[in-house]
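Q: Next up is a structure, given as structure tokens.
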Amino acid sequence: MREIPKDVYRKAAGVLVSRGNAVALTGAGISVESGIPSFRGSQGMWAKYDPAEYATIGAFLLDPEKIWMMFSEMMGVLEKALPNAAHLGLAEMERMGILRSVITQNVDGLHQAAGSRRVIEYHGNPGELVCLSCWKRYPSREKIAGGIPPGCECGEILKPDVVLYGEPIPWGAREDAESEALACDVLLVIGTSAQVAPACDIPRIAKEHGAFIIEINPEETSLTRTVTDIHLPGTASAVMGRLVELLENTRKEPNLSH
Ligand code: OAD
């Protein structure tokens, strides 16, 4: 990975301070350094579990016991994970008054654990289980403690309240995310391959409405050469750590921002 020149960091920090009113869109890459595998790539979840076989609503309805093997492995990993410097950096930016919200495709709860207050969970939250037959909901922890796969009192197998392929984005989350994309002046896109719709439309919506796009990802994505204004090619924790440090300095010495 090539080193990011100092002036690129300074430019990103300057834009964040001078424009403010930033929103972050995060994906699995932000949580890799918390020990949670991403989805794509040779080490990703989808290398082990074919999403067509394990991550569609049709697959769940056909064989929920099978899909619960994947869910229980994922939940075991999520339970042990702690926020890293990137999650903590976003929470700090919210406290500084620079960041208005985080839109996350992740279901790991690490933004909230880091102290972010305004978090839009675009792909749901596994803290609750839902019955697709009678729509009764249960807290995950106590139901799962009773055995896997957890069942509803009506007899059906429960589903974690996360979005599978073929399911709609929760209505409120989709609406909130779109209004944040329309309202922001800077969008920080961190650790997403931007391959899954409709989340991958958020950067384009923001850009079309005048937002400056800062992308943090060790790799280039389909956004990098199309909508991204500044690409910081490093890991989320390293880049966010440096960026937050610079934001603090820039705010102390406002002549650095332009
Ligand atoms: P992906 O696995 O598609 O992409 C992860 C991105 O993170 C890649 O672009 C990596 O280059 C980048 N990355 C890896 N390590 C990183 C690090 N340490 N710091 C920063 N970036 C890093 O994950 P998502 O884009 O989040 O949806 O995937 C989107 C959706 O696809 C998920 O929410 C999930 C999945 O299928 C559903 O299951 C509905």
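Q: Excluding ligands and nucleic acids, what accessible area in Å² is computed for Arg174 using a 1.4 Å probe, to the nearest 10?
A: 100 Å²
Q: Report the charge-dipole magnitude of the chain in Debye, nearest 20, computed about the Cα centre from +1 at each Lys and Arg Cβ and -1 at each Asp and Glu Cβ.
A: So the dipole magnitude of the chain works out to roughly 600 debye.
Q: For His231, His87, His209, write out the residues from largest to smallest accessible area, computed with a 1.4 angstrom probe and no ligands counted.
A: Details: His231 35, His87 0, His209 105 Å².
So the residues, ranked largest to smallest area, are His209, His231, His87.
Q: Of Glu73, Glu94, which has the most accessible area with a 1.4 Å probe, and how do the rest follow in descending order? Kindly include the intermediate steps, with their values, before the conclusion.
A: Working: Glu73 65, Glu94 25 Å².
Of Glu73, Glu94, the descending order of accessible area is Glu73, Glu94.
Q: Taking amide H positions as placed 1.01 Å from N in the peptide plane, with prolines and chain starts having none, which residues 5 or more places from His231, or on another chain, fall under 5 Å of its amide H?
A: Long-range HN contacts for His231: Glu215.
Q: In addition: Run lengths n ≥ 4 of DSSP H only: what is the helix-derived mean residue ellipticity at 222 nm for the chain, with -39500 (n - 2.57) per run over all residues, to the nearest 500?
A: Result for the chain: -11500 deg cm²/dmol, rounded to the nearest 500.
Q: Kindly state, to the nearest 0.05, the FRET efficiency for Ser133 paired with Glu219, given R0 = 35 Å and r defined as their beta-carbon distance.
A: 0.25
Q: If you put +1 on each Lys and Arg Cβ and -1 on each Asp and Glu Cβ, how big is the dipole of the range 147-219 around its Cα centre, in Debye rounded to 20?
A: Here the range 147-219 has a charge dipole of around 160 debye.
Q: Next question, about the same structure. Measuring with a 1.4 Å probe in the full set of protein chains, what accessible area per residue, in whole Å², belongs to the chain?
A: 47 Å²
Q: Helix 171-183: angle to the longest alpha-carbon principal axis of the chain, degrees 0 to 90, nearest 10?
A: 10 degrees
Q: Further, regarding this structure: Length gain on complete extension for the stretch Asp7 to Ala113, per 0.36 nm per residue less the alpha carbon to alpha carbon distance?
A: Numbers: separation 106, 0.36 × 106 = 38.16 nm, distance 3.19 nm.
Roughly 35.0 nm would be gained on extension.
Q: Going through the range 155-236, which GluC sites (Glu not before Pro) have at most 13 other Cβ atoms within 10 Å and a DSSP loop state?
A: Taking the range 155-236 and a limit of 13 other Cβ atoms within 10 Å, the loop GluC sites (Glu not before Pro) found are Glu219, Glu220.
Q: With a/c under 1.5 counting as rounded, go ahead and sort the range 1-45 into rounded, prolate or oblate using the C-alpha gyration tensor (a ≥ b ≥ c being the square roots of the eigenvalues; past the cut-off, prolate if a/b is larger than b/c, else oblate).
A: oblate
Q: Sticking with this structure for a sec: Within the chain, what whole-number % of the accessible surface is contributed by carbon and sulfur, with the 1.4 Å probe and all protein chains included in the calculation?
A: Solvent-exposed carbon and sulfur of the chain make up 51 percent of the total.
Q: If amide hydrogens are placed 1.01 Å from N in the peptide plane, which non-local residues have theirs closer than 5 Å to the one on Val162?
A: Asn125
Q: If amide H atoms are built 1.01 Å from N in the plane of the peptide, which residues on other chains or at least 5 residues away come under 5 Å of the amide H of Ser101?
A: Answer set, sorted by chain and number: Ala24.
Q: Excluding residues fewer than 8 places away in the same chain, name every one of the aspartates and glutamates whose C-alpha is closer than 16 Å to that of Lys252.
A: The reachable aspartates and glutamates, counting only those whose Cα sits under 16 Å from Lys252, are Glu92.
Q: A further question on this structure: Under a Cβ-Cβ cut-off of 11 Å, what is the net charge of the residues other than Gly20 that fall near it, where Lys and Arg count +1 and Asp and Glu count -1?
A: Spelling it out: positives minus negatives among the neighbours equals +2.
Q: Excluding Leu99 itself, calculate the net charge of residues whose Cβ lies under 12 Å from the Cβ of Leu99, where each Lys or Arg counts +1 and each Asp or Glu counts -1.
A: Value of the local net charge: +1.
Q: Now, a different point. Compute, for the range 1-104, the length of the dipole vector about the Cα centre, with Cβ point charges of +1 (Lys, Arg) and -1 (Asp, Glu) only. Units Debye, rounded to 20. Write down the numbers at each step before the final one.
A: Numbers: 11 positive and 11 negative charges, 133 e Å.
Dipole size: approximately 640 debye.
Q: Next up: Give me the net charge for the shell around Gly191: Cβ to Cβ below 15 angstrom, other residues only, Lys and Arg +1, Asp and Glu -1.
A: In short, -4.
Q: Among the listed pairs Lys80/Lys143; Lys6/Lys207; Lys66/Lys143, which have their C-alpha atoms separated by more than 21 angstrom in this model?
A: Those over the limit are Lys6/Lys207.
Q: With every protein chain present, what accessible area does Met69 have (1.4 Å probe, heavy atoms only), rounded to the nearest 10 Å²?
A: Per-residue accessible area (Met69): approximately 110 Å².
Q: Right, here's the next one. May I ask for the Kirkwood hydrodynamic radius of the chain, worked out over all distinct Cα pairs and given in angstroms to one decimal?
A: Evaluated on the chain, it is 19.0 Å.
Q: So for the chain, taking the charge dipole from beta-carbon charges (+1 Lys/Arg, -1 Asp/Glu), which of Cys152, Ile205, Phe60 sits furthest toward the positive end?
A: So the residue furthest toward the plus end is Ile205.
The values are calculated or read from the model by the stated rules, or taken from the named source; none is laboratory data. Note that this is a predicted model, so its numbers are computed, not measured. Quick reminder, even Gly has a Cβ in these numbers, built from the backbone with ideal geometry, and neighbours come from all protein chains shown. Surface accessibility is based on the protein's heavy atoms, side chains included, excluding ligands, DNA and RNA. Shrake-Rupley method; radii C 1.70, N 1.55, O 1.52, S 1.80 Å.
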